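S.K.: There's a structure below that I have some questions on.
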Amino acid sequence: AQTVTQSQPEMSVQEAETVTLSCTYDTSESNYYLFWYKQPPSRQMILVIRQEAYKQQNATENRFSVNFQKAAKSFSLKISDSQLGDTAMYFCAFMKSAGGTSYGKLTFGQGTILTVHP
Amino acid sequence: GAGVSQSPSNKVTEKGKDVELRCDPISGHTALYWYRQSLGQGLEFLIYFQGNSAPDKSGLPSDRFSAERTGGSVSTLTIQRTQQEDSAVYLCASSVWGRLNTEAFFGQGTRLTVV
């Protein structure tokens, strides 16, 4: 079974600054995907960024980037130039990849509440 | 539809009553998932559908919980004899089966309160 741990229940950052959210996971799988999801007060889960475990290069999406350390089983999210609209709960998630197609079941961490202050 | 639709948005029920939660996935998405989000907790997997069959029901917490999917589309999660510990947000997601890097699209959830 997989476990995902987010050790920061809450974080805050000033607008325009950079913040890093931490995530560690435990698995015996060799092929998998890692995700960061954002959940604003509307409850809508939105995919922020995705990383395939076989890729050494860290994924980036505009202001969002990850630091993927496979040996350490660490997957942190960096948000640059933070904006007020980034205020939300952020979830780290794990998904097995079997036989070249993704099974789809996500295992989530406990979440980190991020508040961006003006 | 344009996105995953869940109804009702909020539901308050009395302890012991049965409730039905509905999920209408994105058209063409063959995979459908139910998750539960309790206060202060992460999302907990409940059940997964591929078409109308459920290959993985391992997350259903008790036999009071059941789910079905018809026509490869709409799914209903039923909770019988609700208990206060069932209070949570129930989230549904859908995705296209078989594609690499498939993304799960989530609905806005149903907030269930058992009083």
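S.K.: Please tell me which of these pairs span more than 22 angstrom C-alpha to C-alpha: B:LYS15/B:LYS57; A:LYS38/A:LYS105; A:LYS73/A:LYS96; A:LYS38/B:LYS17; A:LYS73/A:LYS105? Spell out each step's value before the answer.
M.R.: On the way: B:LYS15/B:LYS57 24 Å; A:LYS38/A:LYS105 17 Å; A:LYS73/A:LYS96 14 Å; A:LYS38/B:LYS17 33 Å; A:LYS73/A:LYS105 19 Å.
In this structure, B:LYS15/B:LYS57; A:LYS38/B:LYS17 lie more than 22 Å apart at Cα.
S.K.: Please state the equivalent ellipsoid semi-axes for the stretch A:22-62: what are the square roots of 5 times the Cα gyration tensor eigenvalues, largest first, in whole Å?
M.R.: They are 22, 14, 8 Å, listed from largest to smallest.
S.K.: HN-Hα J couplings of the stretch A:2-12 from phi, Karplus 6.51/-1.76/1.60, θ = phi - 60°, integer Hz, Gly and Pro as x?
M.R.: Computed from phi, the couplings for the stretch A:2-12 are 9, 10, 10, 10, 10, 8, 10, x, 9, 9, 9 Hz.
S.K.: How much of the accessible area of the stretch B:5-109, probe 1.4 Å, is carbon plus sulfur, in whole percent?
M.R.: Percent of accessible area from carbon and sulfur atoms in the stretch B:5-109: 44.
S.K.: Once amide H atoms are placed 1.01 Å from N in the peptide plane, what residues at a sequence separation of 5 or more from B:GLY42, or on another chain, have their amide H within under 5 Å of its amide H?
M.R.: none
S.K.: Taking each pair of different alpha-carbon atoms in the protein assembly as shown once, compute 1/r for the pair, average those values, and report the inverse of that mean as the Kirkwood hydrodynamic radius in Å to one decimal.
M.R.: One over the average 1/r among Cα pairs gives 18.3 Å for the protein assembly as shown.
S.K.: For the protein assembly as shown, report the accessible area per residue in Å² (1.4 Å probe, heavy atoms, rounded to an integer).
M.R.: On the way: 10950 Å² over 233 residues.
Averaged over the residues of the protein assembly as shown, the accessible area is 47 Å².
S.K.: A further question follows. Averaged over A:50-56, how many beta carbons belonging to a partner chain fall within 10 Å of each residue's beta carbon?
M.R.: That works out to 1 on average.
S.K.: Compute, for chain A, the length of the dipole vector about the Cα centre, with Cβ point charges of +1 (Lys, Arg) and -1 (Asp, Glu) only. Units Debye, rounded to 20.
M.R.: Value, rounded to 20: 380 debye.
S.K.: What is the Cα coordinate range of the stretch A:3-98 on the first, second and third principal axes, sorted by size from largest, in whole angstrom?
M.R.: Cα extents, longest axis first: 38, 26, 21 Å.
S.K.: Using R₀ = 22 Å, calculate the FRET efficiency as 1/(1 + (r/R₀)^6) where r is the Cβ-Cβ separation of B:SER66 and B:SER5; round to 0.05.
M.R.: It comes out at approximately 0.60.
S.K.: Sticking with this one: What FRET efficiency would be calculated for the residue pair A:GLN57, B:GLU103, taking the C-beta separation as r and a Förster radius of 22 Å, to the nearest 0.05?
M.R.: 0.70
S.K.: If you don't mind, another one. Under the rule of at least 5 residues apart or a separate chain, name every residue whose amide H is placed under 5 Å from the amide H of A:ALA59.
M.R.: A:VAL66
S.K.: Shifting gears a bit: Taking θ = phi - 60°, what integer Hz values does the Karplus form 6.51 cos²θ - 1.76 cosθ + 1.60 yield along the stretch B:21-31, in sequence order, with x for Gly and Pro?
M.R.: With coefficients 6.51, -1.76 and 1.60, one gets 10, 10, 9, 10, x, 5, 4, x, 7, 8, 9 Hz.
S.K.: Starting from the Cα of B:THR113, step 7 Å along the direction of its Cβ; do the same at A:ASN31; then give the gap between the two resulting points in nm.
M.R.: 4.7 nm
S.K.: As I understand it, the dipole of the stretch A:48-102 uses +1 on the Cβ of Lys and Arg and -1 on the Cβ of Asp and Glu, about the Cα centre. Which of A:SER76, A:ALA53, A:SER65 lies farthest toward its positive end?
M.R.: A:ALA53
S.K.: Further question: Counting DSSP beta bridges with both partners in the protein assembly as shown, what percentage is antiparallel, nearest 5?
M.R.: 90 percent
S.K.: What is the set of long-range amide H partners of B:GLN83 at a cut-off below 5 Å, with H atoms built 1.01 Å from backbone N?
M.R.: Amide H neighbours of B:GLN83: B:GLY16.
S.K.: What relative contact order, as a whole-number percentage, does chain A give when Cα pairs under 8 Å and 6 or more residues apart are counted?
M.R.: Worked out over chain A, it gives 37 percent.
The values are calculated or read from the model by the stated rules, or taken from the named source; none is laboratory data. In this text, all values refer to a predicted model and were calculated from it rather than measured experimentally. Note that we place each Cβ from the backbone using ideal geometry, even for glycine, and neighbour counts take in every protein chain shown. Side chains included, ligands, DNA and RNA excluded: accessible areas come from the protein's heavy atoms. Shrake-Rupley method; radii C 1.70, N 1.55, O 1.52, S 1.80 Å.
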